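Here the structure comes first, spelled out in structure tokens, and everything after it is commentary.
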Amino acid sequence: MTREFCVLGNPIAHSRSPQIHELFAQQFEHNLCYRRQLATVDRFSRVVAGLFRQGLAGANVTVPFKVQAYQLVTRTTAEASFARAVNTLIPQRDGGLLGANTDGKGLLYDLKRQGVDLSGCKVLLIGAGGAARGVLKNLLDAKPEGIWIYNRTTANARALSELSTGVHCVESWSSLAAVDVVINATSASLFGQLPDVPERMYRHAEFIYDMFYGAELTGFLKHVQQVSDARCSDGLGMLVGQAAESYRLWWGSELPRIEPVIRVLRQQLVEPS
Ligand code: NDP
């Protein structure tokens, strides 16, 4: 039997989720139909209710609906409660919806794939928007020595740092000598800009991750590579990793293999057909 899924967003035409889930389904020989669903803020709840009434087996939610999705679900995973945002909807037997946030697991799967273990590490998280909040619980679960959040608007970093012990707000760079891992969770690259972080933070780091990705090395990683020998990665693996976790939750399967799907997507980014 074919199970139906969709990803809801606005805009949505660019979403790679259908292809990612089709590639996962091939790994398990599952029958799946996964489509893009455009929605509007006004109609989002009604669209979701209608789709699940018609038998949808699960949905992903992307910009700008992750907070709205959190507000409409009947239960949430620990990550979604922490993030107060949901990217995965799972229908429940009682007619309710479970909301999960798989971004943090997706990031950790990608870090693990690349041999990065955060335990005992000092982590600098740049950015305090939805993506930073979405991954924070999983970063904490990885038992780093501490997480330092720097953000253009300090008040937003301070608010995130107050969510848990072990998370600090960078109010002044003089309070932080060096870190092991840097994660860029800002959308500065979208605007061709760089976060305002001293170069020494990159120079002393061992691993630097940019959640953004594209056909070329991101502007952030280009800059970083000029000043640091740290190993670097963009966020394509996180995109595939978060989808893999959604897939696992919907199908009750093992985690799909991430690496071959990243290879396909990378190839298509570099050589679009
Ligand atoms: P939000 O709009 O929620 O947050 C944006 C963040 O970036 C804020 O901290 C904002 O700071 C900061 N920012 C924006 N512009 C600049 C700038 N010019 N200079 C410095 N900081 C800036 O976006 P998200 O958190 O949802 O997404 C952030 C990034 O993460 C995006 O690039 C997105 O593509 C990527 N992402 C990747 C995923 C993946 O799977 N690879 C998953 C989710 C997100 P301020 O508070 O001051 O406005």
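The values are calculated or read from the model by the stated rules, or taken from the named source; none is laboratory data. The model shown is predicted, which means the values in this text are computed figures rather than measured ones. Quick reminder, even Gly has a Cβ in these numbers, built from the backbone with ideal geometry, and neighbours come from all protein chains shown.
Looking at the range 206-263, which of the residues that are assigned to a loop (DSSP other than H, G, I, E, B) and aliphatic (A, V, I, L, M) is farthest from the ligand (Cβ to nearest atom)?
Taking the range 206-263 and keeping what is assigned to a loop (DSSP other than H, G, I, E, B), we get 206, 211-218, 228-230, 234-235, 252-258.
So of that shortlist, the ones also aliphatic (A, V, I, L, M) come out as 211, 215, 217, 230, 255, 258.
Working: Met211: 4, Ala215: 14, Leu217: 15, Ala230: 19, Leu255: 16, Ile258: 12 Å.
Only one residue tops the list, namely Ala230.
Assess whether Val182 counts as being in a loop (DSSP other than H, G, I, E, B), within 16 Å of the ligand (Cβ to nearest atom), on the phi < 0 side of the Ramachandran plot and surrounded by 19 or more Cβ atoms within 10 Å (Cβ to Cβ). Before the answer, list the steps.
Working: in a loop (DSSP other than H, G, I, E, B): no; within 16 Å of the ligand (Cβ to nearest atom): yes; on the phi < 0 side of the Ramachandran plot: yes; surrounded by 19 or more Cβ atoms within 10 Å (Cβ to Cβ): yes.
So Val182 does not fit the description; no.
For the range 98-178, list the helices (runs of 4 or more DSSP H) that sit wholly inside it and hold at least 3 residues that are modelled with pLDDT of 95 or more and in contact with a Gly (Cβ under 9 Å, 6 or more places away or on another chain); which are they?
Passing ranges, in order: 103-113, 130-141.
Check whether at least one residue in the range 74-86 is modelled with pLDDT of 95 or more, buried (at least 21 other Cβ atoms within 10 Å of the Cβ), over 16 Å from the mean Cα position of the chain (by Cα) and within 23 Å of Arg248 (Cβ to Cβ), and report yes or no.
Looking for residues that are modelled with pLDDT of 95 or more, buried (at least 21 other Cβ atoms within 10 Å of the Cβ), over 16 Å from the mean Cα position of the chain (by Cα) and within 23 Å of Arg248 (Cβ to Cβ), one finds none in the range 74-86, hence no.
Taking the range 30-64, which residues are within 16 Å of the ligand (Cβ to nearest atom) and polar (S, T, N, Q)? Full working, then the answer.
Quick first cut of the range 30-64, residues within 16 Å of the ligand (Cβ to nearest atom) only: 41, 60-64.
Asn60, Thr62 - these are the residues of the range 30-64 that are within 16 Å of the ligand (Cβ to nearest atom) and polar (S, T, N, Q).
Can you tell me which condition Gly95 does not meet? The list is (1) of a type in the set (Gly, Ala, Ser); (2) within 25 Å of Gly129 (Cβ to Cβ); (3) assigned to a loop (DSSP other than H, G, I, E, B), and all the others hold.
Of everything listed in (1) of a type in the set (Gly, Ala, Ser); (2) within 25 Å of Gly129 (Cβ to Cβ); (3) assigned to a loop (DSSP other than H, G, I, E, B), Gly95 misses just condition (2).
Can you list residue pairs whose Cβ atoms sit under 7 Å apart, with the first residue in the range 110-132 being over 10 Å from Val181 (Cβ atoms) and in contact (Cβ under 8 Å) with a residue 12 or more places away in the chain and the second being among the β-branched types (Val, Ile, Thr) and near the ligand (Cβ under 8 Å from one of its atoms)? Count only pairs 6 or more apart in sequence or on different chains.
Pairs that qualify, where the first residue is over 10 Å from Val181 (Cβ atoms) and in contact (Cβ under 8 Å) with a residue 12 or more places away in the chain and the partner is among the β-branched types (Val, Ile, Thr) and near the ligand (Cβ under 8 Å from one of its atoms), are Ile126/Thr186; Gly127/Thr186.
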